[in-house]
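Quick notes on the structure that follows.
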Amino acid sequence: MNKTWLVIKHEYWKQVKKKRFILAILSLPFFILLMVAIGFLSVIFQYNDSPVGYIDRSSLLDNPIEYKAEAPIGLMKPIEFIRYTDESEAESALQNNIIQALYVIDKNFIETSEIKVIANKAPDSSVNGEFYTFLKLNVLKDLPEEISSRLMEGASFEVKSTGEQTSANEDNVLVFILPFLVGFLFIMAVNFSGGYLLQSVVEEKENRTMEIMVTSISPTQLMTAKVIGNLSVGLTQLVVWILFGIIGIFSLFRIFPDLQSTKIDFSFLLLTIMVFIPAFVMIAAMMAALGATTTETKEAQQIAGIFTIPMVLPYWFMQVLIEKPNSPLSLFFSLFPFTAPVSLPMRAAFSTIPAWQIIITIALLIIFAIAALWFAGRAFRLGMLRYGKKLSLIEIFTQRP
Amino acid sequence: MNTIEVNNISKTFGSQKALDEVSFEVKPGEIFGLLGPNGAGKTTCIRIVLDIFKPDSGSVKLFGNGMSEEKKDQIGYLPEERGLYQDINLEECLNYLASLKGLSSSESHKRINEYLIRFNLDEHKKKKVKELSKGMQQKAQLITTLVHDPKLIIIDEPFSALDPLNTQMVKDILREQRDLGKTIVMCTHQMHQVEELCDRLVLINQGKSVLYGALSEVQKNYAGHAIHVRTEDQIPASLPGMNKFKRLENHHHYQIDLDSQVSPQDFLKTLVAANIKINQFEIAMPTLDEIFIQVVTESGMKYE
């Protein structure tokens, strides 16, 4: 069997079989699930689905159009509105918990906008909102159908940057979320894989196995296998999380059917993948070089943090990237190899990026990735048998392996 | 064809010259000693031979030409910096390393089990490597050196961390490997081990080769004109052909320096004629330790 493959397999299983890995991989979905569950529970405990009573002194709700308030979670029953004419009857219903609140619409509501709410416990603001919608619906009922429904649904705002073709529809939530999400996933994946790789290279030094290894396979094979093996570990972690994410999204779709209308643009995904792959290799190689030049896991991990900072930098300048996708800063961020993986998808979501910029970005990333691999190879050959002493940058460039 | 040919290799690390024009050859089927004090450049030399480092100048030939990936499977290397994967169990670790030397999974399992039994490590094979004692790890490392049945075995300080019993076992294994026709390069500063095992040797000091040749030749060259005698009688203060004598650790054991024109044969006759009862008579060969110290310090004169 090919030796590179043997090392890939060993590196992969070594990490994946660890309890720590399994815990790490399960902890995030578990945590999210817990948060969601707590969210749901708090809604369920707070939400009161008993009916609401109302007394209409303004005559706006004579012969009302039926309206059923939507429940926040599909599983719960919607709030019913019960009309009362007699105030004492309504109040006794309130006393007997038949209704959760009593809305009294003022006689001169149109002028005073006054609605009195009588309740033992103040109703949830969403209940007020629903009652107001019910009222609005009936006030507008005499207008032509399309006008009233337009007023009820509100406007859909379309964001369009001047002179650009791509536009972001605010209704399409994914357009906003996706660039952040993919950027976030990328940083996570890079950090995990890079961390595993770093650990694996430093461990080779700590275990003093480097000499045995390089007299069995070539340093290039060893390096390649380590990069692939550990990136696969990071990707495994990511894929598991994405699977959990998809399951989560489908269950969200069931609960909130409105989201189903959103769609993902595939050219956007393609661009993202083209940017992520070389960026991934570049950062992985740098982590490997770092592992080869330092002597202890702890020290290496501290330095590894430096790579994360430029990657998350675009998030701090998010405002600029979204509002001015073609400003010099946005352009710089999407071209500079370290900030590109997060910036380019973000810009792409809010404007059309000229093809030449995309080509330059990807070309730069590939060049950087190759340079990083070369650098890592040198650092590896020079640093692999150093135990006490760190390898300096100058040595990597000048010394003969 | 020589197994190893080292031609004038030099290597500098920063300002420090680790190796300076070192040359030697290792012949097939011999045990070759690569000797020198700590820091002499032995390990650097081995690493260049194994293509871990590139020499600044000079060249190395292995089995007739340069190093290649295929040749790595023909070489068993026991590095001075012993290293095994500490966090996995012994059996797994050995099998992984054996697979990287080109052994199939079934073959490596079979051979490793044989070695584990032979080295009394069988009951520890499910333990993590870090739970094993230093001596056990050393034996495990030796398994990775030998398991793929290499033609060339290079071992750096093979006896460090071993108790006398295990030292003897390793020596037996080395002899056994030689008898199987393997070429062995033994890198050490423990001279008495070399004397027992090596056919030929090179001595490196401060990066330079200072002594090279067959062990017997080297010893003969450094042998002075002296004999060792054991007798219960007193050696007279003066005898024909005797320059001077001294008592060694045992009172009945003498070292006698002879006049340069007198042969040991003649002196034996003189002793017999003087009616001295001889229990033992031998030509004093310098030990490698003595040669080593002499060459390295360059202060002493030839062994006399």
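The values are calculated or read from the model by the stated rules, or taken from the named source; none is laboratory data. These figures come from a predicted structure and were not determined experimentally. Virtual Cβ from ideal backbone geometry, glycine too; neighbours counted across all protein chains shown.
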Pull out all pairs, ordered by first then second residue, where Cβ-Cβ is under 9 Å, the residues are six or more apart or on different chains, the first lies in segment A:135-149 and is more than 19 Å from A:Lys107 (Cβ to Cβ), and the second is basic (Lys, Arg) and loosely packed, with under 15 Cβ neighbours inside 10 Å. A:Ser148/A:Lys141
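Out of the residues in segment B:215-231 meeting the condition of being assigned to a loop (DSSP other than H, G, I, E, B) and at pLDDT below 85, tell me which one is surrounded by the most Cβ atoms within 10 Å (Cβ to Cβ). If you could, list the steps in order and put the result at the bottom.
Let us first name the residues in segment B:215-231 that are assigned to a loop (DSSP other than H, G, I, E, B), namely B:223-225, B:231.
Filter again for at pLDDT below 85, leaving B:223-225.
On the way: B:Ala223: 16, B:Gly224: 15, B:His225: 20.
In this case the residue turns out to be B:His225.
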Of all residues in segment B:72-122 being more than 12 Å from every other protein chain (Cβ to nearest Cβ) and part of a loop (DSSP other than H, G, I, E, B), which is nearest to the chain's Cα centre (by Cα)? B:Phe119
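The rows are residues; the columns are (1) of a type in the set (Lys, Arg); (2) on the phi < 0 side of the Ramachandran plot; (3) part of a helix (DSSP H, G or I).
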position	(1), (2), (3)
A:Leu185	no, yes, yes
A:Ala189	no, yes, yes
A:Glu203	no, yes, yes
A:Arg208	yes, no, no
A:Ile217	no, yes, no
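Given the structure, is A:Glu296 over 26 Å from the mean Cα position of the chain (by Cα) and surrounded by fewer than 15 Cβ atoms within 10 Å (Cβ to Cβ)?
Values: over 26 Å from the mean Cα position of the chain (by Cα): yes; surrounded by fewer than 15 Cβ atoms within 10 Å (Cβ to Cβ): yes.
So A:Glu296 fits the description; yes.
Could you identify the single residue in A:Lys17, A:Lys9, A:Lys3 that is exposed (fewer than 13 other Cβ atoms within 10 Å of the Cβ), at pLDDT 85 or above and within 11 Å of chain B (Cβ to nearest Cβ)? Working first, answer last.
Details: A:Lys9 fails: exposed (fewer than 13 other Cβ atoms within 10 Å of the Cβ); A:Lys3 fails: exposed (fewer than 13 other Cβ atoms within 10 Å of the Cβ).
None of the other options fit; the residue is A:Lys17.
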Going through (1) crowded, with 18+ Cβ neighbours inside 10 Å; (2) not assigned by TED's automatic domain parsing to the domain that holds A:Leu140 one by one, A:Gly39 fails only at (1)
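Tell me, please, whether a residue that is of a type outside the set (Asp, Glu), without any contact (Cβ under 8 Å) to a residue 24 or more places away in the chain and within 14 Å of chain A (Cβ to nearest Cβ) can be found in segment B:17-29.
Of the residues in segment B:17-29, the ones of a type outside the set (Asp, Glu) are B:17-19, B:22-24, B:26-29.
Remaining after also requiring without any contact (Cβ under 8 Å) to a residue 24 or more places away in the chain: none.
No, that holds for no residue.
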Any residue that is touching an Asp or Glu at 6+ places or on another chain (Cβ under 7 Å) and assigned to a loop (DSSP other than H, G, I, E, B) - is there at least one of those in segment B:158-179? no
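Conditions (1) in contact with a Ser or Thr (Cβ under 6 Å, 6 or more places away or on another chain); (2) touching a residue at least 60 places away in the same chain (Cβ under 8 Å); (3) surrounded by fewer than 17 Cβ atoms within 10 Å (Cβ to Cβ); (4) not aliphatic (A, V, I, L, M), marked per residue:
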position	(1), (2), (3), (4)
B:Asn65	no, no, yes, yes
B:Glu81	no, no, yes, yes
B:Asp87	no, no, yes, yes
B:Leu103	no, no, no, no
B:Arg111	no, no, no, yes
B:His124	no, no, no, yes
B:Lys130	no, no, yes, yes
Candidate set from segment B:249-290 (those that are in a helix (DSSP H, G or I) and hydrophobic (A, V, I, L, M, F, W, C)); member that is farthest from the chain's Cα centre (by Cα): B:Ala273
Determine whether A:Glu323 is surrounded by fewer than 16 Cβ atoms within 10 Å (Cβ to Cβ) and more than 20 Å from A:Ser193 (Cβ to Cβ). yes
Look at B:Ile154 and say whether it is surrounded by 18 or more Cβ atoms within 10 Å (Cβ to Cβ), part of a helix (DSSP H, G or I) and at pLDDT 90 or above. no
Return a yes/no flag: does segment A:209-226 have any residue that is away from chain B (no Cβ under 14 Å), out of contact with any His (no Cβ under 8 Å at 6 or more places or on another chain) and modelled with pLDDT of 75 or more. yes
Going through segment A:334-362 one residue at a time, which ones are aliphatic (A, V, I, L, M) and outside any loop (DSSP other than H, G, I, E, B)? A:Leu335, A:Ala340, A:Val342, A:Leu344, A:Met346, A:Ala348, A:Ala349, A:Ala355, A:Ile358, A:Ile359, A:Ile360, A:Ile362
Considering only residues that are within 22 Å of B:Leu211 (Cα to Cα), within 14 Å of chain A (Cβ to nearest Cβ) and hydroxyl-bearing (Ser, Thr, Tyr), which ones fall in segment B:53-69? B:Ser57
Yes or no: segment B:135-147 includes at least one residue that is surrounded by 15 or more Cβ atoms within 10 Å (Cβ to Cβ), away from chain A (no Cβ under 13 Å) and more than 19 Å from B:Lys171 (Cβ to Cβ). no
Given B:Ile46, B:Ile112, B:Ile117, B:Ile88, which one is among the aliphatic types (A, V, I, L, M) and more than 30 Å from A:Lys18 (Cα to Cα)? B:Ile46
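Evaluate segment B:186-200: report whether one residue or more is surrounded by 15 or more Cβ atoms within 10 Å (Cβ to Cβ) and among the basic types (Lys, Arg). Can you show your working first?
From segment B:186-200, those surrounded by 15 or more Cβ atoms within 10 Å (Cβ to Cβ) are B:186-191, B:193-195, B:197-200; that's our starting set.
After this cut, where a residue has to be among the basic types (Lys, Arg) as well, the list is B:200.
Yes; the residues of segment B:186-200 include at least one that is surrounded by 15 or more Cβ atoms within 10 Å (Cβ to Cβ) and among the basic types (Lys, Arg).
Residues checked against (1) in a loop (DSSP other than H, G, I, E, B); (2) not β-branched (Val, Ile, Thr):
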position: A:Ile22; (1), (2): no, no
position: A:Ser27; (1), (2): no, yes
position: A:Phe31; (1), (2): no, yes
position: A:Leu41; (1), (2): no, yes
position: A:Phe45; (1), (2): no, yes
position: A:Ser59; (1), (2): yes, yes
position: A:Pro64; (1), (2): yes, yes
Qualifying residue in segment B:12-25 (condition: part of a strand (DSSP E or B) and closer than 21 Å to B:Arg178 by Cα): yes
What tally of residues in segment A:322-333 results from selecting those that are in a helix (DSSP H, G or I) and either at pLDDT 80 or above or aliphatic (A, V, I, L, M) (or both)? 7
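Of these, B:Glu304, B:Glu298, which one is within 30 Å of B:Ser57 (Cβ to Cβ) and either among the β-branched types (Val, Ile, Thr) or modelled with pLDDT under 80 (or both)? Walk me through how you get there before you give the answer.
Values: B:Glu304 fails: within 30 Å of B:Ser57 (Cβ to Cβ).
So the residue among B:Glu304, B:Glu298 that is within 30 Å of B:Ser57 (Cβ to Cβ) and either among the β-branched types (Val, Ile, Thr) or modelled with pLDDT under 80 (or both) is B:Glu298.
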Going by the conditions given, is B:Leu50 more than 10 Å from chain A (Cβ to nearest Cβ) and either closer than 21 Å to B:Pro158 by Cα or buried (at least 20 other Cβ atoms within 10 Å of the Cβ) (or both)? no
Using the structure shown, decide if B:Ser209 is more than 17 Å from B:Leu116 (Cα to Cα), among the polar types (S, T, N, Q) and in a strand (DSSP E or B). yes
